[in-house]
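Engineer: There's a structure below that I have some questions on.
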Protein chains: 2
Amino acid sequence: MDERKRRVLEALITDYIATAEPVGSRTLSRKYHLGVSSATIRNEMADLEELGFLEQPHTSAGRIPSDKGYRFYVDQLMQPDRLHTDDIARIRVAYRARMREVQWFIHQTARLVSELTAYPSVVLAPGVDEAKLFDVRVLPLGRDAVLLVMQTDAGIIQNHTVSLPGGFDMAELKALAAEFTLQFRGVSIKELKDRIGDPVAGDVSRYRGLWQGALQWMAAVEGDDDKVTVAGPLNILNYPEFRDVDKVRRVLGFLEQEAAIDQWAQSWPADGVQVMIGAESLVDDIQDCSVVTATYRVGPYVVGRLMVLGPRRMHYARVIAIVQAVSEELSQALNWA
Amino acid sequence: MDERKRRVLEALITDYIATAEPVGSRTLSRKYHLGVSSATIRNEMADLEELGFLEQPHTSAGRIPSDKGYRFYVDQLMQPDRLHTDDIARIRVAYRARMREVQWFIHQTARLVSELTAYPSVVLAPGVDEAKLFDVRVLPLGRDAVLLVMQTDAGIIQNHTVSLPGGFDMAELKALAAEFTLQFRGVSIKELKDRIGDPVAGDVSRYRGLWQGALQWMAAVEGDDDKVTVAGPLNILNYPEFRDVDKVRRVLGFLEQEAAIDQWAQSWPADGVQVMIGAESLVDDIQDCSVVTATYRVGPYVVGRLMVLGPRRMHYARVIAIVQAVSEELSQALNWA
DNA sequence: TTTAGCACTCTGGCGCAGGGAGTGCTAACA
DNA sequence: TGTTAGCACTCCCTGCGCCAGAGTGCTAAA
């Protein structure tokens with residue numbers, strides 16, 4: 001793999017990313033001043049194909065990069081773009097607002113990333129599973145309904161309206177909430193799921209249903225709800241590789257499977273920017289896509305990820321730079337929030 | 001418009017809804033026992049075309065219904081299906097759960113409708129704009145953050161975390177919330193938007209930013225957020241008229257414009273099941289679609305709507321029945337909730 | 001080692017013919 | 001007078017062959 005092969009491969013991938021058309025030797029020698037003739041490039045391309053970096057759709061077409069080719073490009077050839085100052089400004093401005101809930105930042109991030117990249121984006125919100133219960137409170141809402149408010153150590157707040165037909169005794173409920181807080185403070189939500197059946201001190205008989213419902217809700221419903229935010233899914237329709245409705249269906253269908261995406265993301269390495277090319281994602285429905293993902297933090301802890309989904313010939317250099325910059329900015333914003 | 005013409009038109013539309021193929025006279029005489037020969041049907045079809053109920057894609061193709069044809073079919077010929085007992089059971093079961101927030105019912109409804117009809121569905125949640133403020137409370141969350149909880153007379157509860165760097169005086173905040181409640185109870189959220197600047201009695205100087213932010217949030221952000229719920233958008237991909245990516249883009253793009261949908265829905269007549277065929281919707285992006293919509297109530301008041309979006313050759317009889325049944329069931333569920 | 005030249009291959013577009021589906025018209029029939 | 005059978009005609013769709021264009025691989029010369 002000498003220097004010239006590297007340059008040919010880089011030029012070819014650059015061109016293919018821009019045009020989505022198989023690239024021929026003549027095109028390369030004309031558009032990129034490689035200093036050699038098309039015949040030489042032809043030989044290099046034949047070698048690169050033999051090495052598995054390129055593929056030929058059919059005998060008399062140009063070459064396109066293989067997954068391996070993209071991988072080499074991402075790891076060895078490309079370097080992340082320097083973002084345009086406009087883009088940088090846009091990222092800064094996006095988080096300027098104060099007094100917002102975490103969920104607002106998540107939405108904002110998803111929209112921002114999909115607009116900057118022109119690909120669909122996904123943001124995974126901090127999970128509540130790992131968070132530890134901090135306290136539970138109850139607010140009367142009327143004659144026969146209360147609002148349960150749960151706070152975790154990560155500062156995440158969940159709340160839920162519960163109706164109690166037949167009314168309730170507020171003092172009793174308050175005591176119960178205090179008791180509950182005392183007993184379960186510091187227990188992770190995940191663990192709480194297994195302890196739904198635990199007896200709670202105090203007179204719970206009347207409100208057993210309430211607690212069980214509330215716990216189920218805390219543990220299950222709200223835990224996964226809103227965890228995955230998708231923005232700009234229709235961006236995928238702008239790329240010629242998705243002119244086919246069946247391919248579109250698979251990708252958009254995948255983006256609707258929020259629970260599956262969440263679970264899938266659990267298996268990824270912990271930190272930093274990752275790139276998955278084509279089949280590397282191990283997900284059938286997005287074999288024709290690449291994924292670029294980065295984590296974000298609250299303090300020192302990784303709490304969530306953002307990702308960009310695009311065709312395999314994604315504009316990696318730019319997307320990586322954006323994802324990197326946004327994840328840092330988001331981490332900062334969350335630290336201040 | 002004699003009886004035979006009506007029967008021919010009905011048969012033709014039924015067939016076209018099922019097959020999406022232009023229907024010829026021979027097909028009609030074979031599949032539907034109309035008691036006359038294909039030649040006679042041909043004559044009737046020519047008449048129906050002249051009257052504007054049918055169209056011909058090209059000279060030697062069968063006929064397809066025009067918008068006017070569908071309109072006549074919906075108004076005069078068709079009657080809503082009797083739902084299968086399975087479907088009825090499914091609708092009943094969907095709302096059986098208790099102790100749920102309004103938003104849960106909305107999501108449930110959207111999913112249910114899109115699954116039953118196999119078309120995309122949209123549900124408009126009760127607006128908060130018309131709701132009147134009932135009370136505002138504040139809960140301490142830690143050293144420098146509080147949770148604002150706002151309740152309206154419609155029983156809608158919104159809440160919002162606000163950070164107050166530098167700490168706060170809880171007693172003062174509580175008094176302020178009480179004061180605020182006193183002053184604005186009974187004022188609609190819509191009105192509240194215009195009165196954000198109103199002075200509040202008590203010492204607000206320290207917390208002015210808090211109130212302004214909170215009000216802005218109540219009035220603007222949460223008011224429109226989540227108001228429109230879409231389910232099953234990809235169902236549209238199953239219909240051959242949307243095999244073209246550009247058409248898909250327009251329809252799915254429309255379904256993403258939640259604010260626009262909300263506004264659009266404001267202009268519809270108040271109550272009952274409505275059908276809009278093709279251009280009748282007055283929305284460019286869904287000229288190739290029909291819409292079936294129904295309202296639902298809390299007590300005697302219409303508070304929201306659900307709608308089904310499908311190709312013009314929608315299965316009106318079934319969809320109308322479903323939309324009708326679901327809207328009634330939802331109204332009941334909300335009355336009990 | 002590089003390059004020019006050339007024969008070869010494959011795709012995609014175009015024109016054309018034939019089959020099929022459906023129509024409209026005409027004339028016969030009840 | 002309304003209905004039907006028959007028939008010529010129209011138009012779409014499909015498959016086929018052909019050709020131009022793009023690109024390759026190989027060979028031979030620089």
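The values are calculated or read from the model by the stated rules, or taken from the named source; none is laboratory data. What you see is a predicted model; the values in this text were computed from it and never measured. Cβ coordinates were reconstructed from backbone atoms using ideal geometry, including for glycine residues, and neighbour counts include every protein chain displayed. Just the protein is used for accessible areas: all its heavy atoms, side chains included, with ligands, DNA and RNA removed. Shrake-Rupley method; radii C 1.70, N 1.55, O 1.52, S 1.80 Å.
Engineer: Taking a label point 7 Å out from Cα toward Cβ, give me the nm distances from A:Gln287 to the same spot in the other copies, shortest first, one decimal.
Structural biologist: In nanometres, ordered from closest: 3.9.
Engineer: Let me check I've understood the local charge: for A:Arg92, count other residues with C-beta under 12 angstrom from its C-beta, Lys and Arg +1, Asp and Glu -1. What total comes out?
Structural biologist: Cβ neighbours under 12 Å give a net charge of -2.
Engineer: Right, here's the next one. Which value, in debye to the nearest 20, describes the size of the charge dipole of segment B:14-139 about its Cα centre when Lys and Arg Cβ atoms bear +1, Asp and Glu Cβ atoms bear -1, and nothing else is charged?
Structural biologist: 600
Engineer: Between A:Asp194 and the same site in the other copies, what are the distances in nm, shortest first, taking label points 7 Å from Cα along the C-beta direction?
Structural biologist: Distances between equivalent label points, in nm: 5.9.
Engineer: Related question: Say a label goes 7 Å from Cα toward Cβ at A:Pro57 in every copy; what distances in nm does this one have to the rest, shortest first?
Structural biologist: Label point to label point, same position, other copies: 2.8 nm.
Engineer: Shape call for segment B:1-131 from the C-alpha gyration tensor, a ≥ b ≥ c root eigenvalues: rounded (a/c under 1.5), prolate (a/b greater than b/c) or oblate?
Structural biologist: Because a/c hits 1.5 or more and a/b exceeds b/c, segment B:1-131 counts as prolate.
Engineer: Same structure, new question: Within a 10 angstrom radius of each residue's Cβ in B:249-262, how many Cβ atoms of other chains show up on average? Whole number is fine.
Structural biologist: 1
Engineer: Follow-up. Calculate the mean, over all residues of peptide A:66-77, of how many other protein chain Cβ atoms lie within 10 angstrom of the residue's Cβ.
Structural biologist: 0
Engineer: Please give the peptides A:307-318, B:243-254, B:289-300, B:53-64 ranked by average Cβ packing (other Cβ atoms within 10 Å per residue), highest first, as a rough proxy for protection.
Structural biologist: Per-residue mean Cβ counts within 10 Å order the peptides as A:307-318, B:289-300, B:243-254, B:53-64.
Engineer: Using a 1.4 angstrom probe on heavy atoms only, work out the carbon and sulfur share of the accessible area of segment A:3-77 in %.
Structural biologist: Percent of accessible area from carbon and sulfur atoms in segment A:3-77: 45.
Engineer: Taking a probe of 1.4 Å and counting only protein heavy atoms, give the total accessible area buried between chains B and A in Å², rounded to the nearest 100.
Structural biologist: In total, chains B and A hide about 3100 Å² from solvent.
Engineer: Please give the per residue accessible area of segment B:3-77, computed with a probe of 1.4 Å over protein heavy atoms only, in Å².
Structural biologist: That works out to 52 Å² for each residue.
Engineer: Follow-up question, since we're still on this one. Provide the packing ranking of A:81-93, B:69-81, A:104-116, i.e. peptides ordered by the mean count of other C-beta atoms within 10 Å per residue, highest first.
Structural biologist: Answer by packing, highest mean first, reads A:104-116, B:69-81, A:81-93.
Engineer: Among the aspartates and glutamates, which have Cα under 12 Å from the Cα of A:Lys31 when same-chain residues fewer than 8 positions away are ignored?
Structural biologist: Excluding near neighbours in sequence, the set is A:Asp15.
Engineer: Packing-wise, with mean Cβ within 10 Å as the measure, how do B:280-287, A:4-11, B:11-18 rank, highest first?
Structural biologist: B:11-18, A:4-11, B:280-287
Engineer: Now a separate question. Need the list of lysines near A:Lys5 for cross-linking: C-alpha distance under 16 angstrom, and skip anything on the same chain fewer than eight residues off.
Structural biologist: Answer for A:Lys5, where 16 Å is the Cα cut-off: A:Lys68, listed by chain and number.
Engineer: What does the average come to when, for each residue of peptide A:102-112, you count the partner chain Cβ atoms lying within 10 Å of its Cβ?
Structural biologist: For peptide A:102-112, the averaged partner shielding equals 1.
Engineer: Specify whether the C-alpha gyration tensor of segment A:219-292 places it in the rounded, prolate or oblate class, a ≥ b ≥ c being the square roots of the eigenvalues: rounded for a/c under 1.5, otherwise prolate if a/b is larger than b/c and oblate if not.
Structural biologist: Note, shape of segment A:219-292 comes out oblate.
Engineer: Now a separate question. How would you classify segment B:3-77 from its alpha-carbon gyration tensor, with a ≥ b ≥ c the square roots of the eigenvalues: rounded for a/c under 1.5, else prolate if a/b is greater than b/c, otherwise oblate?
Structural biologist: Judged from the Cα gyration tensor, segment B:3-77 comes out rounded (a/c under 1.5).
Engineer: Lysines within cross-link reach of A:Lys227: Cα-Cα under 23 Å, excluding same-chain residues under 8 positions apart?
Structural biologist: Reachable lysines: A:Lys132, A:Lys190, A:Lys193, B:Lys227.
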